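The values are calculated or read from the model by the stated rules, or taken from the named source; none is laboratory data. This is a predicted model, so every value here is computed, not measured. Using ideal geometry, Cβ is built from the backbone for each residue, glycine included, and neighbour counts are taken over all protein chains shown. Remember, those area values only see protein heavy atoms, side chains included, never the ligands or the DNA or RNA. Shrake-Rupley method; radii C 1.70, N 1.55, O 1.52, S 1.80 Å.
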Amino acid sequence: MNARAGIEGTLSFQILVIDSTVADVRLKSSRATGIDRMLAGRPVADALSLVPMLFSLCGTAQGVAAARACEAAAGIVPAGAQQAARELLILGEMVASHAWQLAIEWPRLLEEAPDPGTLLGIRRAVAALAGALYPARDWTRPGGGALKPDAVVLDDALEHIAGAVVTLVGAGFAEIRDSDDLARWSRRTGTTAARLIDRVMADDMAGFGRSGVAKLPGLPDRWFADRLSADPDFATAPDLDGGPAETGALGRVAGAPLMVALTACFGNGLLPRFAARLVDLAGLPARMRDTAKLLEAARPAPPDAAQGASGSGAGSAETARGRLAHWVALNRGAVTAYRSVAPNEWNFHPRGAFVRGLVGLPADDGLRRRVDLLIAALDPCVPCSVMMEERAGA
């Protein structure tokens, strides 16, 4: 819904309605699986410089996950400052991704004008982070690049990001503790985010799309390495102990007081999912400030750090949409196999949160609008299409 088709592919949903009830939801993904062929035979450094350019969205997280996978395969442990710098880049990208939703997608859902100015300001501030950390733009280098933090540029960027987040979310959000607080805040706050929350609550959609699908826990990279290396199909249909799982902001902020209250009432329905994105976004500027305190100048790793390395390993990174993992096999410093699993494969699994949240629900005149909201709440990183099909019962 907010991405151009590329290596990520597209998603289409066919919703079958029988006797005014959603009987089935069929998903079709055209996600490309050719990343292994694109990277096969390339030296580690070349592969890592290419990965961020292959993805139209979340390129930074993709690049960091790839770097971590190659470092795990080569037995390289980056310095703490290098890890902090990469994490800061990821957090910035998460802000920009959330901002796209609040400034562009959520207004569309409400048939309001978008806010491209605020989004552009955030994107410029986020783009400034990489140059303020790595003048040579070599942050994907195995072991880390030439890290020379520019405190002035970083402070300016972080200050702008913090202010823009308040503009998008709305003042007073941090004080909300339960659904009553949320309702009052949504009625008196003038942001698109507040109006969307108000619409969901006023139209009795808070629990729409809820299901019993488990949240993906904070699994170690080794877990992903075991599964991606053993089963090529895991990359397109991942499972947690044989069942589907949901990844994203809802799991990351599950312990926040507001989220505890909302999920107790509405499970993983629309209101908790949209609120989780706001909780996540509102907390990112402070997380970025804390991460920036861990920065210090660091020399780049030796250019031959991964040269000649053989082995395999996985690396992961958080995105606004959820957990991303890459796995790589190296032979004498060259890529021989490569696989990845993205949040879309979890959240839009054939037996996952989207499908199970719809099957069995009544199909009235408002179903299509609620489906669009559910897609936006789960936030696929690829273009989507929806087709409704009605049949008479037997």
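How tilted is helix 179-188 with respect to the longest principal axis of the chain? Cα atoms for both, answer in degrees (0 to 90, nearest 10). The angle comes out at about 90 degrees. Per residue, the convex hull spanned by the Cα atoms of the range 262-392 measures out at 183 cubic angstrom.
At a Cα cut-off below 27 Å, give the lysines reachable from Lys215, other chains included and same-chain residues fewer than 8 away excluded. Correct list for Lys215: Lys28. Put simply, the chain fits an ellipsoid with semi-axes of 35, 27, 17 Å; these come from the alpha carbon gyration tensor as the roots of five times its eigenvalues, largest first. The base-10 log of I(q)/I(0) for the range 40-108, evaluated at q = 0.16, 0.17, 0.23, 0.24 Å⁻¹, reads -0.64, -0.70, -1.03, -1.08 [Debye formula, identical scatterers on Cα atoms, solvent excluded]. Volume of the convex hull of the range 104-143 (Cα atoms only), normalised per residue: 76 Å³. Segment Ala392..Asp150, full-extension length gain: 80.6 nm, with 0.36 nm per residue of separation and the alpha-carbon distance subtracted. Only one residue of Ala146, Ala103, Ala376 has its Cα farthest out toward the positive end of the dipole of the chain, where Lys and Arg carry +1 and Asp and Glu -1 on Cβ, and that residue is Ala146.
Exposed loop sites here are GluC sites (Glu not before Pro) in DSSP loop states with at most 15 other C-beta atoms within 10 Å. What is the longest stretch of the chain lacking them? Looking at the chain, 113-295 is the longest stretch - no exposed GluC sites (Glu not before Pro) with at most 15 other Cβ atoms within 10 Å. DSSP beta bridges fully contained in the chain are about 75 percent antiparallel.
Among Lys293, Lys148, the sequence by solvent-accessible area, most first, with a 1.4 Å probe is Lys293, Lys148. Considered as an equivalent ellipsoid built on the Cα gyration tensor, the range 307-370 has semi-axes of 40, 10, 7 Å, the largest given first.
Phi-derived couplings, Karplus 6.51 cos²θ - 1.76 cosθ + 1.60 at θ = phi - 60°, listed residue by residue for the range 284-292: 5, x, 5, 4, 5, 4, 5, 5, 4 Hz, with x used for Gly and Pro. Toward the positive end of the charge dipole of the chain, about the Cα centre and with charges on Cβ (Lys, Arg +1; Asp, Glu -1), which of Ala237, Met388, Phe13 goes farthest? The Cα lying farthest towards the positive end belongs to Ala237.
Note on the range 224-299: Rg/Rh from C-alpha atoms, Kirkwood Rh, equals 1.13. Hey, could you get me the Stokes-Einstein D for the range 212-252, Kirkwood radius over alpha-carbon pairs, 20 °C and 1.002 mPa s, rounded to whole µm² s⁻¹? Translational diffusion coefficient: 195 µm²/s. Put one equal scatterer on each alpha carbon of the range 147-293, apply the Debye formula with no solvent term, and list log10 I(q)/I(0) at q = 0.13 1/Å to two decimals. The computed values of log10 I(q)/I(0) come out as -0.73. Could you tell me what percent of the accessible area of the chain is made up of carbon and sulfur, with a 1.4 Å probe and every protein chain present? Here it works out to 51 percent. Based on protein heavy atoms only, the chain ends up with 41 Å² per residue of surface accessible to a 1.4 Å probe. Counting only alpha carbon atoms, the long axis of helix 192-202 and the longest principal axis of the chain meet at about 40°. Among the trypsin sites (Lys or Arg not before Pro) within the range 326-394, those in coil by DSSP and having at most 15 neighbouring Cβ atoms inside 10 Å are Arg332, Arg351. Normalised size of the range 1-146, defined as Cα radius of gyration per 2.2 N^0.38 Å with N residues, equals 1.30.
Projected over all directions and averaged, the alpha-carbon convex hull of the range 273-315 occupies 5.7 nm².
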